[in-house]
Amino acid sequence: MNRIGKAIQANFPLKLSAGILALLIWLYVVLQNEYQINLKVPLLFETKNDSVFVAETPLKEVILTVKGKGVDILRLRFWGRPTINYRLETDRGWTRVNIGEKNVFFPRWSDVSIISIGCKPFLVRVDKLVEKYLPVLPVIEPTIKDIKVLPESIRCRGGMETFKKIKHIYTKAVAVDTTQLPARKKISLDLPPDIICDPTFVVVYFGTNTED
């Protein structure tokens, strides 16, 4: 047993070096082979100016099938994914998007080919970004006539088409104890999903004493 152990110990560095060399050769061969994979690629829209934005889109990512050497596929997965950039020439309304190879951008070091783009033509809605002051309407239970809201209107940003449907902003529903008047409450706004407002709350005074 001692002789066997000494023999193993004597040859261990050589065997280890041979094993590492074999692993490196295998890895080199694997990375030089060609593979085909699917990648989820982010879809980025470019608009005519900063006041135009994409209000509605059915897609935010596109499945891209690519083929290339293992080393390039590995680098794409972990160190630099491609992107899809699409420029929109309209500034309002619905427009048709048809993504082609010219819209796909790879890192400079990448050497892969596109097999297919998993995306049929689709429609997106483009809108102009506008800013308006909207009045605030508190939602109170029970109804109290003598109230004061500060601020009475707030600055909001959103699409032009969205503002056609929204004329004011509601607060979240709040129950008030009418036996504890006058009172004061800080109430959050119930904001629509396509509107950004600042601030996101108001102070409501209830009862005959509406002063701070």
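Worth a mention:
- For the listed peptides 96-103, 39-46, 61-68, a ranking on the average number of other beta carbons within 10 Å per residue, highest first, reads 61-68, 39-46, 96-103.
- Both numbers refer to the Cα atoms of the range 45-132; Rg and Dmax are 15.6, 54 Å.
- For the range 160-212: span of alpha carbons on each principal axis (Å, largest first): 43, 20, 15
- Given LYS165/LYS186; LYS60/LYS102; LYS48/LYS120; LYS164/LYS185; LYS120/LYS164, the pairs whose alpha carbons are separated by over 21 Å: LYS165/LYS186; LYS48/LYS120; LYS164/LYS185; LYS120/LYS164
- For the range 177-183, 3J(HN,Hα) per residue [Karplus equation, 6.51 cos²θ - 1.76 cosθ + 1.60, θ = phi - 60°, Hz, x = Gly/Pro]: 7, 5, 7, 10, 8, x, 8
Only the coordinates and a few stated rules stand behind these numbers; no lab work does. Bear in mind that the values here come from a model prediction, so they are computed numbers and not experimental data. So basically every Cβ, Gly included, is an ideal-geometry build from the backbone, and we count neighbours across all protein chains shown.
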